[in-house]
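One structure below.
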């Protein structure tokens, strides 16, 4: 690795999959866009939306993920990721799952925070982890240990109730991520988007994103661009989004699984849902709890 070039992060978040120390090797530019989510909350969806708005004629890369890399992820050497971003002469987009206090914070960078109901995020994350290729996980574990990152073991994936219990344990990645970014919600360079709102009115939410990023889009092409960002379209042209087969059993069929909500209703017990609601009431401010956990409005 080269020398640290953009200053240290404020708090370390290191795991087998992700290491936020990697941000220390990245030099930001004014106008950069960072898509910030907890896992399985609409990350790929927002990356595709941003890429489509920036490049309505098609992204200047093989895939959306190559254009907008996950900087923290340990799948690729950080020097390669940084070199790819440094070579981009256009406005850049970067993905992160790290909480706000673990990434550089700049007034001239735009942060788009996508949030999903915690129960839906949990169910989608279980499917995600269950379909990661074992050989990829093994390589990540070995390289993490070589980098001094402690491997604490994977959560139970064959028992949804055990997985839910471990996912709910403090600090809880979903809670931690949401709280950290909510503290920045009033800042002009931060936009909060809810997964459910994307599903309910993709057109309106894409317009919000375009306005936030100060992007002018040809109105005559707007319907086409919105259609390109529907879940069905993304799944149909998944090869333009990423090479999902490399990391996931079943490729795009498992990564871009269903894009639906409420699967937890037929799986989790009433006591488990109540436990989540109790933890949300304790660990989240009342306003963010009501905004994020849309299932509360239906109960």
Just the residues that are closer than 18 Å to residue 58 by Cβ, assigned to a helix (DSSP H, G or I) and within 25 Å of the chain's Cα centre (by Cα), please, taken from segment 210-221.
210
I'd like to check something: does segment 179-193 contain any residue that is part of a loop (DSSP other than H, G, I, E, B), in contact (Cβ under 8 Å) with a residue 24 or more places away in the chain, touching a helix residue (DSSP H, G or I) at 6+ places or on another chain (Cβ under 7 Å) and crowded, with 18+ Cβ neighbours inside 10 Å?
no
What are the residues in segment 196-213 that are surrounded by 15 or more Cβ atoms within 10 Å (Cβ to Cβ) and either out of contact with any helix residue (DSSP H, G or I) (no Cβ under 8 Å at 6 or more places or on another chain) or more than 19 Å from residue 32 (Cβ to Cβ) (or both), if any?
196, 197, 198, 199, 202, 205, 206, 207, 208, 212
Taking the stated definitions as given, is residue 177 within 28 Å of residue 294 (Cα to Cα) and either modelled with pLDDT of 95 or more or within 17 Å of the chain's Cα centre (by Cα) (or both)?
yes
Find the helices (runs of 4 or more DSSP H) located wholly in segment 35-139 whose residues include 2 or more that are surrounded by fewer than 18 Cβ atoms within 10 Å (Cβ to Cβ), and list them.
78-87, 118-130
May I ask you to verify whether residue 216 is out of contact with any strand residue (DSSP E or B) (no Cβ under 8 Å at 6 or more places or on another chain), surrounded by fewer than 17 Cβ atoms within 10 Å (Cβ to Cβ) and over 28 Å from residue 263 (Cα atoms)?
yes
Considering segment 259-299, residues that are more than 15 Å from residue 174 (Cα to Cα) and outside any helix (DSSP H, G or I), and then whichever is nearest to the chain's Cα centre (by Cα), we arrive at 259
Return the total of residues in segment 141-153 being in contact (Cβ under 8 Å) with a residue 12 or more places away in the chain and either in a helix (DSSP H, G or I) or more than 22 Å from residue 22 (Cβ to Cβ) (or both).
3
Sole residue being modelled with pLDDT of 80 or more and under 28 Å from residue 33 (Cα atoms), chosen from 141, 109, 160
109
Kindly establish whether residue 162 is in a helix (DSSP H, G or I), without any contact (Cβ under 8 Å) to a residue 24 or more places away in the chain and over 21 Å from the mean Cα position of the chain (by Cα).
yes
For the structure I just gave you, tell me whether residue 206 is within 19 Å of residue 55 (Cβ to Cβ), within 19 Å of the chain's Cα centre (by Cα) and either at pLDDT below 95 or in a loop (DSSP other than H, G, I, E, B) (or both).
no
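The values are calculated or read from the model by the stated rules, or taken from the named source; none is laboratory data. What you are looking at is a predicted structure, and each value in this text was computed from that prediction instead of being measured. Cβ sites come from the backbone with ideal geometry, for glycine too, and all protein chains shown count toward neighbours.
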